[in-house]
Amino acid sequence: MSTWQDDAENDLVLNAGRRLALLTRGEGSYLWDADGTRHLDFLAGIAVTSLGHAHPVFVDAVSTQAATLAHVSNYFATPPQLALAARLKRLAGAGIDGRVFFSNSGAEANEAAFKLARLHGGASRPRIIALENGFHGRTMGSLALTAKSSMRAPFEPMPGGVEHIPATIEALEAAMDDRVAAVIVEPIQGEAGVVELPDGYLQAARSLTLTHGALLIVDEIQTGAGRTGAWFGFSHEGITPDAITLAKGIGGGFPIGALVTYGAASSLFTPGSHGSTFGGNPLATAVADAVLAEIERAGLVDNAARRGQELREIITGLGSPLVAGVRGRGLLIGVELSAPVAGDVVGAAQAHGLIVNAANPETVRIAPALTIGDAELAEFHDLFAAALADVSASLTDSGKAHA
Ligand SMILES: *Cc1c(COP(=O)(O)O)cnc(C)c1O
């Protein structure tokens with residue numbers, strides 16, 4: 001008889017490594033696998049399940065809207081779509097003249113942003129500036145924006161015009177001219193290992209793009225929806241961008257993405273210039289609107305700030321020689337390790353019933369639901385300490401490190 005691992009290997013394309021478990025159920029910050037083992041979920045599907053699993057608000061929004069109206073074409077508007085657009089404009093400070101395009105994923109939101117940049121730039125502004133180590137998705141346009149050449153190489157040629165520059169204000173100053181259509185940045189580079197931008201970077205990018213007439217596009221797909229302890233990563237910096245892209249946490253587990261545009265950038269798309277069959281359907285938008293309403297109602301943005309602070313104190317307080325530092329903001333945290341053993345730490349954590357992720361060999365990424373409280377933090381403390389201790393012990397045994 002074939003195991004679920006065999007099925008996964010034989011029936012799913014080979015784009016992912018070996019799956020870690022066969023998950024069957026979730027509730028709050030806990031997941032259960034087919035063997036009945038309980039896992040503490042401090043990854044939240046990579047910053048997606050903002051409210052945790054099977055939250056009553058999420059369940060009710062999905063079932064009520066599914067029983068009311070799930071899909072119509074974009075020839076029609078629906079109340080949930082309009083409600084979500086208005087809410088996103090308000091939360092993102094997009095003002096009365098802001099507008100929203102709905103997609104089904106982060107990559108598609110960035111595809112829309114890419115087309116926005118082209119519409120803005122035309123033939124006289126062929127350049128698009130993105131950052132080294134940046135990640136913007138896997139579709140061709142979003143992949144062109146993504147820095148990692150190993151991800152892009154097998155799929156060359158890329159859509160043209162994108163240049164990747166170091167994430168320093170000096171590099172941006174040197175790169176800017178009047179042929180730049182847009183600068184796209186993540187406020188915190190999530191996939192790169194939760195790497196923050198230098199102090200003052202977004203303000204500098206805002207003033208340089210204004211000077212040169214380029215759009216400033218902020219990819220908030222991982223940092224948005226309250227994750228960093230503010231509604232969006234850019235909210236910490238007191239700037240107004242020309243566009244932001246959203247996905248992951250705004251749907252709480254339902255697939256949805258969005259491009260929010262500000263000011264003049266809001267008039268660039270014209271009838272026929274872009275579209276998506278599923279984008280903005282009443283089911284997805286009703287769920288995202290309910291998720292964001294619950295984040296507002298329950299004060300989960302503040303909870304993310306407060307629990308994020310507690311979490312980083314817990315991690316540094318462990319005093320593990322393996323922990324070299326803690327990066328990130330709110331509940332998007334990168335634990336910097338003193339050795340390239342993030343994979344081992346993730347494996348040891350899983351053996352103890354804790355789900356975290358290795359963003360790169362030196363960084364463990366932690367991104368729990370925004371709803372976590374004392375109980376989850378206390379359990380995390382014990383499980384993460386045990387995982388670090390296991391890896392430290394095995395390193396000492398094998399003499400691989402002198403930790
Ligand atoms: C996850 C992510 C994307 C891609 O989103 P998908 O929904 O996987 O297409 C783009 N940008 C950032 C910053 C992300 O974290």
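Annotations
- Those helices (runs of 4 or more DSSP H) of the stretch 81-186 in which 2 or more residues are aliphatic (A, V, I, L, M) occupy 106-121, 140-145, 169-175.
- Residue in the stretch 58-74 that is out of contact with any Gly (no Cβ under 6 Å at 6 or more places or on another chain) and within 16 Å of the ligand (Cβ to nearest atom) present: no
- Checked against the criterion of being touching a residue at least 24 places away in the same chain (Cβ under 8 Å), assigned by TED's automatic domain parsing to the domain that holds Leu91 and within 16 Å of the ligand (Cβ to nearest atom), the stretch 163-171 contains one or more residues that satisfy it.
- Flag for Leu31 being touching a Gly at 6+ places or on another chain (Cβ under 9 Å) and either assigned to a loop (DSSP other than H, G, I, E, B) or at pLDDT 95 or above (or both): no
- From the list Ala214, Ala258, Ala264, the lone residue that is hydrophobic (A, V, I, L, M, F, W, C), more than 16 Å from the ligand (Cβ to nearest atom) and buried (at least 23 other Cβ atoms within 10 Å of the Cβ) is Ala214.
- Residue within the stretch 269-276 that is part of a loop (DSSP other than H, G, I, E, B), within 21 Å of Ala47 (Cβ to Cβ) and among the aromatic types (Phe, Trp, Tyr) present: no
- Single residue of the stretch 142-160 satisfying the filter (among the aliphatic types (A, V, I, L, M) and over 19 Å from Thr245 (Cα atoms)) that is farthest from the ligand (Cβ to nearest atom): Ala153
- Qualifying position, being crowded, with 18+ Cβ neighbours inside 10 Å and more than 28 Å from Thr277 (Cα to Cα), among Ala92, Ala153, Ala130: Ala130
- Residues of the stretch 29-88 classified as β-branched (Val, Ile, Thr) and free of Cβ contacts under 8 Å to residues at least 24 places away in the same chain, total: 1
- Of the residues screened, Val100 is one that is under 20 Å from Ser266 (Cα atoms), among the β-branched types (Val, Ile, Thr) and surrounded by 18 or more Cβ atoms within 10 Å (Cβ to Cβ).
- Of the candidates Ala265, Ala293, Ala284, Ala288, the single residue that is modelled with pLDDT of 95 or more, among the aliphatic types (A, V, I, L, M), more than 19 Å from Ala225 (Cα to Cα) and in a helix (DSSP H, G or I) is Ala265.
- Unique residue being assigned by TED's automatic domain parsing to the domain that holds Ala349, under 20 Å from the mean Cα position of the chain (by Cα) and either closer than 22 Å to Val301 by Cα or surrounded by fewer than 13 Cβ atoms within 10 Å (Cβ to Cβ) (or both) when the list is Ala85, Ala16, Ala44: Ala44
- Count of residues meeting criterion [in contact with a Pro (Cβ under 6 Å, 6 or more places away or on another chain), surrounded by 19 or more Cβ atoms within 10 Å (Cβ to Cβ) and in a loop (DSSP other than H, G, I, E, B)] in the stretch 332-378: 0
- Note on the stretch 204-261: residues that are farther than 21 Å from Ala359 by Cα and among the charged types (D, E, K, R) total 3.
The values are calculated or read from the model by the stated rules, or taken from the named source; none is laboratory data. Values in this document were obtained by computation on a predicted structure and should not be read as measured data. As a convention, Cβ positions derive from the backbone with ideal geometry for all residues, glycine included, and neighbour counts pool all protein chains shown.
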